[in-house]
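Take a look at the structure below.
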Amino acid sequence: MSAYDADVIIVGGGPSGVAAALELKKRGVAQVMLLDREDTLGGATRHCSHSPFGMREFGRVYFGAAYGRRLQREALAAGVDIRPQHSVVSLGEDAGITVTSPRGVGVLKAKRVMLATGAREMPRSARLVSGDRPATGIVTTGALQSYVAFHHLMPFRRPLIVGSELVSFSAVLTCLTHGARPVTMIEPEGRVLARGPFTLFPALFGIPFHVGAEIVDIRGAGRVEAATVRLADGSTRSFSCDGVLFTGRFTPEAALLMQSTFGVAPGSSGPTIDQTGRMANPLYFAGGNVLRAVETGGWAFREGQAVGAAVAADLARDPAVAEPVPVTFDAPVKLVVPNLLRRGENAPAFRDFQLRFLRPANGRLSLELDGRPVWSRTGEWLPERRILVPVPSVAAEAGHVHFGFREQG
């Protein structure tokens, strides 16, 4: 009898986790187990009422719920051992994980474990917004879309929307197509964070938009009645509304890591991984939006696919690998992924470093190997915009890998 319950256990059934499972099965890995706390696979896409999903991976355009069902069908057809209603509560050093399910609490063990737990929006509690605690009317975009998709309920009719990321404008569309009309949108930063035509939505639909504005107080008893906003000029204004919708400011769903000895990476708040997706503990891998919030479903799918290929290759060899070298960086760089490099990895899942900035900055960004610049670019760098820097083939041989930044006035 095998000492393992599976060759690979994947935690999280969103695009990244399913893509990894499909790739592992494609490469001949016999026992691939996929755990998800929900009843069906798909992750957050299950309650996304918008498109496009699936263009590159399946060659057609899906709305979110249909895309989630396609992921489920693909995993079933590939012979993946799908375990719904399974929540992982702890990670063991030996790739044994403690799981709760309708059957109770148990331990599952695999040769390798991959984390694909995704990301979540920052709720009110983490934003430290003062005021009353009304019973209803304060939600995130994910909660709003769950209300609409699964319960056919709209939690408000006149919400105030906080945020200006891509998901914020998706929230506007959800409101407008389900009988709600936002009273205003606000963005704490001095500029809109999303790109392109989405930013035109508020003006097109006559929704006031304020940048450099932050919510400072929420009032209401049974439900939200008003919210106070500090505007860019320092004045305050009260908005009559029946809800507050907090959007964006995603953070990796890394609670399992914070409760373990693994910890999280500075900046990203996700796992530390090398160029194959392997964590500091060589039995664990990670992929998708748990690495850094947040990318599209298609990006997460391709990333999961690449990490799945790396895990399949890793199963064929001794998991004892070289000690990793950390990738360090100067402020105002927010994060770098991968944030470790290991020697002897000839088939990387990540061929580019992914960077983000904390704030707008003008200056020279450079990659240094053992103190020697090997790449640089000067320009304006904006927060929450993906920056890709190719990983040099010799980078894994360096003893010191660093992203420097020299700001220009």
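Looking at ARG343, ARG364, which one is modelled with pLDDT under 95 and not acidic (Asp, Glu)?
Values: ARG364 fails: modelled with pLDDT under 95.
Among ARG343, ARG364, only ARG343 is modelled with pLDDT under 95 and not acidic (Asp, Glu).
State which residue pairs qualify: first residue within 14 Å of THR184 (Cα to Cα) and inside region 209-235, second residue assigned to a strand (DSSP E or B) and of a type in the set (S, T, N, Q) in any location, beta carbons under 7 Å apart, and separation of 6 or more residues or different chains.
Within 7 Å, the pairs are HIS210/THR184; ALA226/SER238; ALA226/SER240; THR228/THR236; THR228/SER238; VAL229/THR236; ARG230/THR236.
When residues of region 241-261 are filtered for being over 21 Å from SER168 (Cβ atoms) and either open to solvent by 50 Å² or more (accessible area, probe 1.4 Å) or more than 30 Å from the chain's Cα centre (by Cα) (or both), how many remain? Spell out the reasoning first.
The initial filter retains those residues of region 241-261 that are over 21 Å from SER168 (Cβ atoms), namely 254-261.
Subsequent filtering for residues that are either open to solvent by 50 Å² or more (accessible area, probe 1.4 Å) or more than 30 Å from the chain's Cα centre (by Cα) (or both) retains 258-259, 261.
Summing the residues that are over 21 Å from SER168 (Cβ atoms) and either open to solvent by 50 Å² or more (accessible area, probe 1.4 Å) or more than 30 Å from the chain's Cα centre (by Cα) (or both) in region 241-261 gives 3.
Among (1) touching a residue at least 12 places away in the same chain (Cβ under 8 Å); (2) assigned to a loop (DSSP other than H, G, I, E, B); (3) surrounded by fewer than 20 Cβ atoms within 10 Å (Cβ to Cβ), where does LYS334 come up short?
If we test LYS334 against (1) touching a residue at least 12 places away in the same chain (Cβ under 8 Å); (2) assigned to a loop (DSSP other than H, G, I, E, B); (3) surrounded by fewer than 20 Cβ atoms within 10 Å (Cβ to Cβ), just (2) comes out false.
Conditions tested, residue by residue: (1) within 18 Å of ASP242 (Cβ to Cβ); (2) more than 26 Å from the chain's Cα centre (by Cα); (3) open to solvent by 50 Å² or more (accessible area, probe 1.4 Å).
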{"site": "SER146", "(1), (2), (3)": "no, no, no"}
{"site": "VAL162", "(1), (2), (3)": "yes, no, no"}
{"site": "VAL183", "(1), (2), (3)": "yes, yes, no"}
{"site": "PRO188", "(1), (2), (3)": "no, no, yes"}
{"site": "ARG191", "(1), (2), (3)": "no, no, yes"}
{"site": "PRO197", "(1), (2), (3)": "no, no, yes"}
{"site": "ILE207", "(1), (2), (3)": "yes, yes, no"}
{"site": "ILE215", "(1), (2), (3)": "yes, no, no"}
{"site": "ARG219", "(1), (2), (3)": "yes, yes, yes"}
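Can you find even one residue in region 15-36 that is modelled with pLDDT under 95, farther than 19 Å from ALA286 by Cα and open to solvent by 50 Å² or more (accessible area, probe 1.4 Å)? Steps first, please.
Restricting attention to region 15-36, the residues satisfying the condition of being modelled with pLDDT under 95 are none.
No.
Could you tell me whether region 37-52 includes any residue that is within 24 Å of THR276 (Cβ to Cβ), open to solvent by 40 Å² or more (accessible area, probe 1.4 Å) and not aliphatic (A, V, I, L, M)? Give the steps one after another, and end with the answer.
Restricting attention to region 37-52, the residues satisfying the condition of being within 24 Å of THR276 (Cβ to Cβ) are 43.
From what is left, the residues that are open to solvent by 40 Å² or more (accessible area, probe 1.4 Å) are none.
Looking through region 37-52, none of the residues is within 24 Å of THR276 (Cβ to Cβ), open to solvent by 40 Å² or more (accessible area, probe 1.4 Å) and not aliphatic (A, V, I, L, M).
Which members of region 231-240 meet the condition of being in a strand (DSSP E or B) and either within 29 Å of the chain's Cα centre (by Cα) or surrounded by fewer than 15 Cβ atoms within 10 Å (Cβ to Cβ) (or both)?
Just the residues of region 231-240 that are in a strand (DSSP E or B), to begin with: 236-240.
Answer for region 231-240, where residues must be in a strand (DSSP E or B) and either within 29 Å of the chain's Cα centre (by Cα) or surrounded by fewer than 15 Cβ atoms within 10 Å (Cβ to Cβ) (or both): THR236, ARG237, SER238, SER240.
Answer yes or no: is there a residue in region 47-61 that is among the hydroxyl-bearing types (Ser, Thr, Tyr) and touching a Lys or Arg at 6+ places or on another chain (Cβ under 7 Å). Even if it seems obvious, please write down each step before you answer.
Filtering region 47-61 down to residues among the hydroxyl-bearing types (Ser, Thr, Tyr) leaves 49, 51.
Those left that are additionally touching a Lys or Arg at 6+ places or on another chain (Cβ under 7 Å): none.
No, there is no match, as no residue in region 47-61 is among the hydroxyl-bearing types (Ser, Thr, Tyr) and touching a Lys or Arg at 6+ places or on another chain (Cβ under 7 Å).
The values are calculated or read from the model by the stated rules, or taken from the named source; none is laboratory data. A quick note: this is a predicted structure, and the numbers were derived from the prediction, not measured. No Cβ is skipped: glycine too gets one built from the backbone with ideal geometry, and neighbour counts run over all protein chains shown. Side chains included, ligands, DNA and RNA excluded: accessible areas come from the protein's heavy atoms. Shrake-Rupley method; radii C 1.70, N 1.55, O 1.52, S 1.80 Å.
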